[in-house]
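Written out below as structure tokens is the structure these notes cover.
Here, each number is a calculation from the coordinates, and none is a lab measurement. All values reported here derive from a predicted model rather than from experimental measurement. Ideal geometry is used to build each Cβ from the backbone, glycine not excepted, and the neighbour counts take in all protein chains shown.
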Amino acid sequence: MKLRKFYKDGPEISCIGIGGMSFADAYGPTDEAASHHILDRAMEAGVTHIDTSNVYGNGKSENAIGSYLADRGATAREFFHIATKAGITRDPDRPFDNSAGHLERELDGSLKRMGIECVDLFYVHRREVERPIEEVTETLAGLVRAGKIRAFGFSEIAPSSLRRAAEVHPVAAVQSEYSLSTRAPELGLLQACAELGTALVAFSPVGRGLLTDDPIPAERVPDLFFLSTMPRFLGETYSANLKISDGFRRLAAEMEIPAAGLAIAWLLSRGEHVIPIPGTRSVGHFDELLAGTTVSLSEGDLARIEAVLPVGWAHGDRYSDTQWRGPERFS
């Protein structure tokens, strides 16, 4: 497995990680046994990074990771570089809370669910706009000093916010949606992360299944709580996206690589600081994703990909109006 430096002064981790949202029924029902099979395969393949959150399944994802670590012992904990997040609440009047008390309480809950004393990376899941990011960065730096986290980051913030935070303390990672169907990070975030020595952790790197050989059937979308309100996956818009992305599937077949693997290989070509974190409930699908780590794309390959999926090809917004509460738009 290829390794990448995880932020400027950080450890080396695998060039691809595991997105823990799939351990929490987000894309269909699953259980701990299935999640443990993925983690077993990850250890076998050398995939060291797990990226989860306290809100995924109200702790279900973290519980699955915790039971795995308990079953496999110290070797597994030493092997995995574990990230989790906090900052989203269940209070409709205050959906995001970045206060020191809230973040530490939620972190303590995550540590307990996973059965560990320290997390390798702790993100603020959504920025509380009313609270200066400099204050939040000081809170996170305090958690590093307390020995509860080794490094910290933010999820879905703008390049300007990253620069403000980095003035206070180095920021290890920014997590953002980034794929061939969502390329907004290229308008400043990709560059700012490279300049500051910050990892860009790319979630939904295969377009929430759209950039695979087996995209989610339209009839299943209404049953998936997370996709069922996303404009890109609804009605005629989704039909249009499936039709356009068929060209990508044909290209992948010509290149003799799974479409999901080609999508991962493309992301890895974006910069040495980019770490994709695909999620899956299937070991077979995980192997398709892993195929992308063995491919080096030529300039000609990249041009062919760009020809079938040019910038801006996807129909529909990536989030609904409600889902856009929290992520920072910067372009």
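Could you put Thr322, Thr182, Thr294 in order, starting from the residue whose Cβ has the fewest other Cβ atoms within 10 Å?
Thr322, Thr294, Thr182
Quick one: among Lys243, Lys60, Lys85, which has the greatest mean-square fluctuation in a GNM of the chain with alpha-carbon springs under 10 angstrom?
Among Lys243, Lys60, Lys85, the largest GNM mean-square fluctuation belongs to Lys243.
Between helix 159-168 and the chain, what is the angle of the helix's C-alpha long axis to the longest principal axis, kept within 0 to 90° and rounded to the nearest 10?
30 degrees
Among Ser179, Ser99, Ser61, which one moves the most in a GNM of the chain with springs linking Cα atoms closer than 10 Å?
Ser99
Given charges of +1 on the Cβ of Lys and Arg and -1 on the Cβ of Asp and Glu, with all other atoms neutral, how large is the dipole of the chain about its Cα centre, in debye to the nearest 20?
Computed about the Cα centre, the dipole is about 260 debye.
Mind checking the angle between helix 60-72 and the chain's longest principal axis? C-alpha axes, 0 to 90 degrees, to the nearest 10.
80 degrees
Out of all DSSP beta bridges in the range 72-161, what portion is antiparallel? Express it as a percent rounded to 5.
So the antiparallel bridges amount to about 10 percent of the total.
Just give me a number: lysine pairs in the chain, eight or more positions apart or cross-chain, with C-alpha atoms less than 27 Å apart.
Here the count comes out as 11.
Please work out the Kirkwood hydrodynamic radius for the range 176-331, using every pair of different C-alpha atoms, and report it in angstroms with one decimal place.
Radius from the Kirkwood sum: 16.0 Å.
Determine the sum of side-chain charges near Lys243: Lys and Arg each +1, Asp and Glu each -1, restricted to other residues whose C-beta is under 15 angstrom from that of Lys243.
With Lys, Arg at +1 and Asp, Glu at -1, the neighbours total +1.
For the chain, what is the percent of antiparallel DSSP beta bridges, rounded to the nearest 5?
Counting DSSP beta bridges with both partners in the chain, the antiparallel share is about 15 percent.
Considering only Pro11, Ala253, Val308, whose Cα is most displaced toward the positive end of the charge dipole of the chain, charges sitting on Cβ of Lys, Arg (+1) and Asp, Glu (-1)?
In the chain, that residue is Pro11.
Put +1 on the Cβ of each Lys and Arg and -1 on the Cβ of each Asp and Glu in the chain; which of Ser110, Ala45, Asn58 then has its Cα farthest toward the positive end of the dipole?
Farthest towards the positive end: Ser110.
With only Lys, Arg, Asp and Glu charged, each at its Cβ (+1 for the first two, -1 for the last two), find how big the charge dipole of the range 257-331 is about the Cα centre; round to the nearest 20 debye.
200 debye
Picking from Leu200, Asn241, Gly28, whose Cα lies most toward the positive end of the charge dipole for the chain (charges on Cβ: Lys, Arg +1; Asp, Glu -1)?
So the residue furthest toward the plus end is Leu200.
Please report the equivalent ellipsoid semi-axes of the chain, computed as sqrt(5 x eigenvalue) of the Cα gyration tensor, largest first, in whole Å.
29, 22, 21
Mind checking the alpha-carbon convex hull of the range 91-232 and giving the volume per residue in Å³?
149 Å³
Which angle between 0 and 90 degrees, to the nearest 10, do you get for helix 133-145 versus the longest principal axis of the chain when only C-alpha atoms count?
70 degrees
Give me Asp213, Asp321, Asp51 sorted ascending by neighbouring Cβ count inside 10 Å, so fewest comes first.
The most exposed by this proxy come first: Asp321, Asp213, Asp51.
Can you check what the net charge comes to around Leu111, using other residues whose Cβ is under 15 Å from the Cβ of Leu111 (Lys, Arg +1; Asp, Glu -1)?
+1
Just for the range 115-265, what percent of DSSP beta bridges are antiparallel, to the closest 5?
10 percent
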